[in-house]
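J.: Mind having a look at this structure? Questions to follow.
Readers should treat all values here as calculations from the given coordinates under stated rules, not as data from a laboratory. The model shown is predicted, which means the values in this text are computed figures rather than measured ones. As a convention, Cβ positions derive from the backbone with ideal geometry for all residues, glycine included, and neighbour counts pool all protein chains shown.
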């Protein structure tokens, strides 16, 4: 593989200590095998989901704005492979499909000590961040996430693949100058197609370090606050949640500096809390 293209390591029986030192502190992604074996969600099928939450109305995003439909109808459309099937993304499980919460417990040890959901965290949160948010994504084969992006406020993330397969494309955060961030939102790239690239429009992309990995049922991908997007290779169900601990502290401060004084005022309660946690919390990722 050339210097431009890189793989993501895949590891089984990964200890929490190895995860901390080789991936969190090194800011390197990894796919972890065997982290989701206790989840009932690994038994989800379209039929079982329809039995549990099929009649639940779900609000979801479309190009023409938000829409609402029974979850069972949406699942049928996606798994039938219909060309007009929606891409369900960022569905907050606790808010919209609460019956499924029990199936995604206990939390994998690698993300168990998540400051984002700490009981003492201030109730006023920065934009696009919610406590205890586990987001469901359901997509048909050949569907792609609409854009390459990096998450708000330096958050790391976990991708739990429950059904089907998904290819994840990642770039390190310091490759941002080569990824053509949009003028409207510097966290989103102008590039939408990585398989048929317009080299004349995006010549600097050749200098970016692109990482690709395909995750299948039972895989847990750790994304250490890198740029990322996905392509669904087999109709997929994925659960994603954001993560902060002391090791994301420098990412957060860099993001706050980037938005200036107004951002610092907005985040003041959060920064105070995280500063205290960073000072007194145990030096581990999970208890």
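J.: Expressed in nm to one decimal, what extension gain is obtained for the pair residue 50 and residue 28 from 0.36 nm per residue of sequence separation less their Cα-Cα distance? Numbers along the way, then the final one.
T.: Working: separation 22, 0.36 × 22 = 7.92 nm, distance 3.73 nm.
Result for the pair: 4.2 nm of gain on full extension.
J.: How much length is gained if the chain between residue 102 and residue 21 is pulled fully straight, taking 0.36 nm per residue apart and subtracting their Cα-Cα distance, in nm to one decimal? Please list the in-between numbers first.
T.: Working: separation 81, 0.36 × 81 = 29.16 nm, distance 3.06 nm.
Full extension of this stretch gives 26.1 nm more.
J.: Further, regarding this structure: How far apart, in nm, are two points set 7 Å out from the Cα along the Cα-to-Cβ line at residue 73 and at residue 174?
T.: My value for the distance between the label points is 5.1 nm.
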